[in-house]
Structures are given as structure tokens and as C-alpha cells.
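A short worksheet on the structure shown next.
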Amino acid sequence: MRGAPLFPFAATALLGLLLVFALSLVGLNIGGEEAAENNAEEGNNAEQEFDDPIELGESVYEGQCASCHGGELEGGTGPALDSGDYDEETILTAIEEGPGSMPAGLVDGEEADAVAEFILSEN
Ligand code: HEC
């Protein structure tokens with residue numbers, strides 16, 4: 001008996017560890033997708049009537065950008081947006097193309113213009 005039964009136990013333990021690891025990856029993915037969906041829903045709410053494009057922009061920002069760039073544009077996962085580093089074109093390009101791990105095309109058209117205007121108004 002000595003030595004022989006060890007291998008199956010070790011293999012089972014290893015499989016278990018792999019499974020935990022694999023499942024935690026799946027969990028992370030699901031979390032990410034849900035967050036994106038929630039963001040999209042909030043973005044739709046932002047299509048209420050706003051007289052002032054900056055107010056629309058602020059609402060879009062809170063729904064679509066604040067989770068990564070901070071409620072006060074102070075930064076988080078993404079860089080701070082109150083640093084004066086970004087002009088309108090850079091912001092619109094970032095929204096469209098999604099640099100790095102930022103999702104592309106979170107908003108477009110009027111909402112994209114409005115959120116850029118809002119960010120610039122805070123700089
Ligand atoms: C999921 C997180 C996330 C969300 C949501 C997000 N961003 Fe970003 N953003 C990032 C990250 C990360 C970077 C840095 C990307 C890089 O350069 O690697 C970034 C970079 C930027 C930049 C700088 C681009 C450059 O050229 O350096 C701007 C401007 C920007 N984001 C604006 C926005 C706006 C506006 C929104 C909302 C419509 C938004 N982001 C939503 C994560 C996010």
C-alpha cells in the first residue's frame with residue numbers, strides 16, 4: 001500500500017483547485033457583463049429631456065463613466081478626467097474607440113457630445 005494511493009489523491013486535489021480557479025474566472029466574467037448591462041440601462045434612462053446639454057452630459061457621465069473615472073472625475077480604474085489633459089476630440093475618440101480596457105461605444109451622438117461638454121466644463 002505504501003506510496004501507491006497518493007497519486008489519485010493528489011490528482012483529485014489538483015483537479016479541485018483547477019475547478020475553483022476556472023469557476024472564479026467564469027464568475028468574474030459574468031460580473032463584468034452584468035455591470036456593462038446595468039450601465040447600458042442607466043444610459044437609456046439618461047435619455048430624459050434635458051434643456052442643458054451639460055446636465056444631460058452629467059447624467060450620462062454618472063451612468064456610463066463614473067464607475068471607472070470616479071463620481072467627481074477624480075479617476076479610478078480609468079484616469080482622472082478633471083486634469084485638463086483631454087480636449088473634446090480626445091474624449092470623443094476615447095468614447096468611440098475605447099482605449100485599453102475601456103469599453104468602446106458606451107454612448108454616441110448627442111450623448112457623447114454632451115458628456116464631453118460636461119467633462120470639459122469641469123476642467
Ligand atoms: C470599464 C471602465 C471604464 C468606463 C465605463 C469608462 N472608461 Fe474611460 N477609460 C478607462 C480606462 C481603463 C482608460 C485608460 C485606457 C488606456 O489608455 O489604457 C480610460 C481612458 C479614458 C480617457 C483618456 C483617453 C486617452 O486618450 O488617454 C477618456 C477621455 C475617457 N476614458 C473617457 C471616458 C468617458 C467619457 C466615459 C463614459 C462615456 C468612460 N471613459 C467610461 C476605463 C473606463
Counted residues, the stretch 100-123 - those being near the ligand (Cβ under 8 Å from one of its atoms), touching a helix residue (DSSP H, G or I) at 6+ places or on another chain (Cβ under 8 Å) and farther than 22 Å from residue 50 by Cα: 2
Filter pass, residue 96 being surrounded by fewer than 16 Cβ atoms within 10 Å (Cβ to Cβ) and in a helix (DSSP H, G or I): yes
Matching option when the condition is in a loop (DSSP other than H, G, I, E, B) and either assigned by TED's automatic domain parsing to the domain that holds residue 111 or polar (S, T, N, Q) (or both), among 67, 83: 83
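The values are calculated or read from the model by the stated rules, or taken from the named source; none is laboratory data. From a predicted model like this one, the values you see are computed outputs, not experimental measurements. Because the Cβ atoms are built from the backbone with ideal geometry, glycine has one as well, and the counts that use them run over all protein chains shown.
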